[in-house]
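Student: Encoded as structure tokens, here's the structure I'll be asking about.
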Amino acid sequence: MAVGIGYYVGALVSKADLNHQVSKWYDRAPLIGAVLGAVGLWVVVRLVDSDVSVLGVLAVIVVGAAVGTGIGWLAGLATRRNARTAIGIQAIAASAATAAVAAVVGWVLFEKLISSITWPSAKQRIPFPQIDVVTGTAIEIGGVTIQRSAIFTMGALAICAVLLWFFINRTRLGRGMQAVSQDPDTARLMGINVDRIIVVAFALGAVLAAIAGVSQGLQNNNIEFRMGFLAGLKAFTAAVLGGIGNIFGAVVGGLVLGVIEAMATQYIPGQFGGSTWKDVWAFVILILVLVFRPQGLLGARVVDRA
């Protein structure tokens, strides 16, 4: 935060164009050196003495501004030959002083924040919030007991699968995502913003992971830091089982995997049955699919052509 604020103030004071495609990093070097020098001095002081007095804080601000200004000036000299814009000493000093003040103020606010919050233990199981409609008494249908959280999971699965298929196959951004996955260089030549596509893909994955996390929390009633590890492995297994890159194949693979685990728990007798072995059978299925049908249940076979 301090580095960003200091750089922004320095750019405003300099009134220079720092976005030239060829020389922008050379033009920005004095301001970047100034803010990094000021904030770096504060970091060193905090590592040496975690309890700095008020006078010490003021001294760090003054010295940090001076050190940052010097480093920024030297960075400007080093990059002067390649830079298109000259940054004045006033802008460098303003950038360093702002970064020094922002580092101190930000740290004080951060200390107040972390001291006012009771943080839970990282290894402690935390009760997941219960929702009246989604959680509660189970539903009886024809002698079969169905948990409300399971109905929520299936509904979320169907809605997310349909929306994801529509986004990828019927929107311009989704088709651009398919093009980038096949050949990013050619997609860039066709005018597709590859960086934007990558950001959207990561954001979309985070949204789907959040929905899955809520669903799993509702089913387990508790959350812990290890709960997503085995679920992630099984998600990969379901994707391979249904076919990598096939949305509905991943859905089918997950359903098949769940049915196999349930049947293995109920119908395999002896020491190889029971709930303790259901994860083993899930990965046995993964190995069999990779050996005999690597494209998955709904995946298309790719033929290499000369």
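The values are calculated or read from the model by the stated rules, or taken from the named source; none is laboratory data. Since we're looking at a predicted model, the values are computed, not measured. Note: ideal-geometry Cβ built from the backbone for every residue, glycine included; neighbour counts use all protein chains shown. Heads up: the accessible areas ignore ligands, DNA and RNA and are worked out on the full protein's heavy atoms, side chains in. Shrake-Rupley method; radii C 1.70, N 1.55, O 1.52, S 1.80 Å.
Student: Give the number of residues within the range 236-273 that are touching a helix residue (DSSP H, G or I) at 6+ places or on another chain (Cβ under 7 Å) and in a helix (DSSP H, G or I).
Tutor: Residues of the range 236-273 that are touching a helix residue (DSSP H, G or I) at 6+ places or on another chain (Cβ under 7 Å), as a first pass: 237-243, 247-254, 256-257, 260-261, 264-265, 273.
This time we only want the ones that are in a helix (DSSP H, G or I), so: 237-242, 247-254, 256-257, 260-261, 264-265.
Residues meeting the conditions: 20.
Student: Every residue in the range 54-65 that is over 11 Å from Ile92 (Cβ atoms) and open to solvent by less than 70 Å² (accessible area, probe 1.4 Å), please.
Tutor: Within the range 54-65, Gly56, Val57, Ala59, Val60, Ile61, Gly64 qualify.
Student: From the set of residues in the range 267-280 that are surrounded by fewer than 12 Cβ atoms within 10 Å (Cβ to Cβ) and over 36 Å from the mean Cα position of the chain (by Cα), which is nearest to Phe229 (Cα to Cα)?
Tutor: Filtering the range 267-280 for residues that are surrounded by fewer than 12 Cβ atoms within 10 Å (Cβ to Cβ) and over 36 Å from the mean Cα position of the chain (by Cα), the one nearest to Phe229 (Cα to Cα) comes out as Phe272.
Student: So which residues in the range 67-100 are surrounded by fewer than 17 Cβ atoms within 10 Å (Cβ to Cβ) and either among the hydrophobic types (A, V, I, L, M, F, W, C) or within 30 Å of the chain's Cα centre (by Cα) (or both)?
Tutor: Residues satisfying the conditions are Leu74, Leu77, Ala78, Ala86, Ile89.
Student: Take the residues in the range 132-145 that are more than 20 Å from Met227 (Cα to Cα) and touching a residue at least 12 places away in the same chain (Cβ under 8 Å), then tell me which one is most open to solvent (accessible area, probe 1.4 Å).
Tutor: Taking the range 132-145 and keeping what is more than 20 Å from Met227 (Cα to Cα), we get 132-134, 136-145.
When the remaining residues are screened for being touching a residue at least 12 places away in the same chain (Cβ under 8 Å), the result is 133-134, 136, 139.
On the way: Val133: 115, Val134: 23, Gly136: 56, Ile139: 55 Å².
Taking the candidates together, the pick is Val133.
Student: All but one of (1) surrounded by fewer than 18 Cβ atoms within 10 Å (Cβ to Cβ); (2) touching a helix residue (DSSP H, G or I) at 6+ places or on another chain (Cβ under 9 Å); (3) modelled with pLDDT under 80 hold for Phe283, so report the exception by its number.
Tutor: Looking at each condition in turn, Phe283 falls short on (3).
Student: Between Leu208, Leu218, Leu233, which is open to solvent by 40 Å² or more (accessible area, probe 1.4 Å), closer than 23 Å to Thr135 by Cβ and either hydrophobic (A, V, I, L, M, F, W, C) or in a helix (DSSP H, G or I) (or both)?
Tutor: Values: Leu218 fails: open to solvent by 40 Å² or more (accessible area, probe 1.4 Å); Leu233 fails: closer than 23 Å to Thr135 by Cβ.
Sole residue among the options that is open to solvent by 40 Å² or more (accessible area, probe 1.4 Å), closer than 23 Å to Thr135 by Cβ and either hydrophobic (A, V, I, L, M, F, W, C) or in a helix (DSSP H, G or I) (or both): Leu208.
Student: Can Ala103 be described as within 30 Å of the chain's Cα centre (by Cα) and closer than 16 Å to Tyr7 by Cα?
Tutor: Judged against the criteria, Ala103 is a match.
Student: Something else now. Of all residues in the range 25-52, count the ones that are at pLDDT below 85 and open to solvent by less than 70 Å² (accessible area, probe 1.4 Å).
Tutor: Residues meeting the conditions: 2.
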